[in-house]
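Written below as structure tokens is the structure these notes are about.
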Amino acid sequence: MSDPFSSSVLKVEQPRRGPFGKSRYKVLDGDDTVLAIAAPSVDEGRAEAMRGIVPGKSNLDARAVQLTTPGGELLLTVEKLRGRDYTEILGPKEEAIGSFVTERVGRRYVIYDGDGTLIGAVEVDVPRNNFEVLDNGGTKVAHVRKKWAGLATHLLTTADKYTVEIFDPVPEPLRTMAVTTAIVMDMNLHESKEIT
């Protein structure tokens with residue numbers, strides 16, 4: 001990716017929109033400059049086709065978000081299939097960049113490149129607030145931390161905030177996968193906050 005995400009420290013934030021504002025994110029650099037905006041795709045493609053009869057009721061539902069520059073240029077699509085087993089990262093021309101595949105729900109995800117070659121893993125702590133991105137040799141290449149925003153914010157909104165620290169140099173596509181880890185983990189583990 002010609003890299004708007006070249007900073008070694010990034011922030012991923014969801015707006016405070018109550019329990020129905022999920023799957024919306026801002027990606028910022030360490031100086032709070034907005035680098036990308038992620039929102040549900042207008043045509044959610046394969047993810048929309050896999051939705052259940054009652055969509056959007058849990059983090060098990062399929063969904064897709066598109067990351068665009070503030071000017072609207074498509075950068076990436078994060079497409080989470082129904083369940084927690086598989087999330088794919090696609091480039092602007094719908095080319096596969098890589099995928100996250102569940103090895104142990106909520107504890108470990110393996111990362112593949114677009115050709116299906118294993119390139120790393122994500123280790124998750126017990127409270128699901130710290131995510132270590134590792135390469136194939138077990139070396140930590142990135143750390144993603146979910147910030148605690150207080151009980152009311154946690155229970156009544158989707159306003160999660162993450163920091164992403166990348167320990168460069170990290171080769172592509174693992175670096176892009178590390179950048180998207182916060183969004184992928186949020187979609188898989190932290191989006192079931194509806195009051196329904």
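This table checks each residue for (1) of a type outside the set (Gly, Ala, Ser); (2) at pLDDT below 95.
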{"residue": "Arg84", "(1), (2)": "yes, yes"}
{"residue": "Val101", "(1), (2)": "yes, no"}
{"residue": "Tyr109", "(1), (2)": "yes, no"}
{"residue": "Gly114", "(1), (2)": "no, no"}
{"residue": "Ala121", "(1), (2)": "no, no"}
{"residue": "Asn129", "(1), (2)": "yes, yes"}
{"residue": "Leu134", "(1), (2)": "yes, no"}
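Looking only at residues that are part of a strand (DSSP E or B) and basic (Lys, Arg) in the range 79-105, which one is surrounded by the most Cβ atoms within 10 Å (Cβ to Cβ)? I'd like the intermediate steps shown before the answer.
Taking the range 79-105 as the starting set, the residues that turn out to be part of a strand (DSSP E or B) are 79-80, 86-90, 96-104.
Going one step further and asking which of them are basic (Lys, Arg), we end up with 80, 104.
Values: Lys80: 26, Arg104: 10.
Among those residues, the one meeting the criterion is Lys80.
In this structure, is Val122 free of Cβ contacts under 8 Å to residues at least 40 places away in the same chain, on the phi < 0 side of the Ramachandran plot and out of contact with any Cys (no Cβ under 8 Å at 6 or more places or on another chain)?
Considered against the rule, which asks whether it is free of Cβ contacts under 8 Å to residues at least 40 places away in the same chain, on the phi < 0 side of the Ramachandran plot and out of contact with any Cys (no Cβ under 8 Å at 6 or more places or on another chain), Val122 comes out as no.
Table: residues versus (1) open to solvent by less than 20 Å² (accessible area, probe 1.4 Å); (2) at pLDDT 95 or above; (3) of a type in the set (Ser, Thr, Tyr).
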residue	(1), (2), (3)
Gly138	no, yes, no
Ala149	no, no, no
Thr153	yes, no, yes
Glu165	no, yes, no
Leu174	yes, yes, no
Met177	yes, yes, no
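Filtering the range 107-129 down to residues that are in a loop (DSSP other than H, G, I, E, B) and in contact with a Lys or Arg (Cβ under 8 Å, 6 or more places away or on another chain), which residue is surrounded by the most Cβ atoms within 10 Å (Cβ to Cβ)?
Within the range 107-129, the first condition is being in a loop (DSSP other than H, G, I, E, B), and the residues that meet it are 107, 114-117, 125-129.
Narrowing the set further to residues that are in contact with a Lys or Arg (Cβ under 8 Å, 6 or more places away or on another chain) leaves 128-129.
On the way: Arg128: 15, Asn129: 17.
This residue is Asn129.
The values are calculated or read from the model by the stated rules, or taken from the named source; none is laboratory data. All of these numbers come straight from a predicted model, not from anything done at the bench. Positions of Cβ are generated from backbone atoms using ideal geometry, with glycine treated the same way; all protein chains shown enter the neighbour counts. Only protein heavy atoms, including side chains, enter the accessible area calculation; ligands, DNA and RNA are left aside. Shrake-Rupley method; radii C 1.70, N 1.55, O 1.52, S 1.80 Å.
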